[in-house]
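The values are calculated or read from the model by the stated rules, or taken from the named source; none is laboratory data. Bear in mind the structure is a predicted one, so any value in this text is a computation, not a measurement. Please note: Cβ atoms are built from the backbone with ideal geometry, for glycine as well, and neighbour counts cover all protein chains shown. Side chains are part of the model used for accessible areas, which takes the heavy atoms of the whole protein and leaves out ligands, DNA and RNA. Shrake-Rupley method; radii C 1.70, N 1.55, O 1.52, S 1.80 Å.
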Amino acid sequence: MKNKIIIHTDGGSRGNPGPAAIGAVIEGDLTGKKEFGEYIGETTNNEAEYRAVIFALKKTKSLLGSDKSKDSSLEFFLDSELVVKQLNKEYKLKDKNIQNFFIEIWNLTFDFGGVSFRYVPREENTEADRVVNQVLDREGNKLF
């Protein structure tokens, strides 16, 4: 039986492009509930959303280890409909940078038993959004 893990990710920049951060909330029987965030420098909202997914895939694998990762099914929830449609191959990727992120995500998904991406409205992604804003607030205070 597969272990199911729910992951909420968000990426955001203040300005587009601007100072950006990523956040992930990972929850499952083997992981408990964990929150992670990271400042990623100046970038666009779209790039931050992709980098949040990459970050969460890598974090989840490190939490589970290789063996348990293969037996785990990951369900991602993002509030970026564009990114979800791109990851689900409904929309084409025109930007070279985004194509590279897509390829990295695609390769990382092979470490798991299954990975799916779903769109949720922003109101249903508040925890990941809060993590992003906490990181940006903390970084903003360092700049002054």
Problem set entry | Some residue of region 1-12 being open to solvent by 20 Å² or more (accessible area, probe 1.4 Å), in contact with a strand residue (DSSP E or B) (Cβ under 6 Å, 6 or more places away or on another chain) and free of Cβ contacts under 8 Å to residues at least 40 places away in the same chain | no
Problem set entry | Close pairs (6 angstrom Cβ cut-off, 6 or more residues apart or separate chains): basic (Lys, Arg) in region 56-74, assigned to a helix (DSSP H, G or I) anywhere | LYS61/SER69
Exercise. Is it true that some residue in region 36-49 is out of contact with any helix residue (DSSP H, G or I) (no Cβ under 6 Å at 6 or more places or on another chain) and within 12 Å of HIS8 (Cα to Cα)?
Worked result: no
For this session: Answer yes or no: is there a residue in region 35-47 that is open to solvent by 80 Å² or more (accessible area, probe 1.4 Å) and without any contact (Cβ under 8 Å) to a residue 60 or more places away in the chain.
Result: yes
Exercise. Going by the structure shown, is LYS59 more than 15 Å from GLN134 (Cβ to Cβ) and either open to solvent by 10 Å² or more (accessible area, probe 1.4 Å) or touching a helix residue (DSSP H, G or I) at 6+ places or on another chain (Cβ under 6 Å) (or both)?
Worked result: yes
Exercise. Tally time: how many residues in region 96-138 are open to solvent by 60 Å² or more (accessible area, probe 1.4 Å), closer than 15 Å to ASN46 by Cβ and free of Cβ contacts under 8 Å to residues at least 12 places away in the same chain?
Worked result: 2
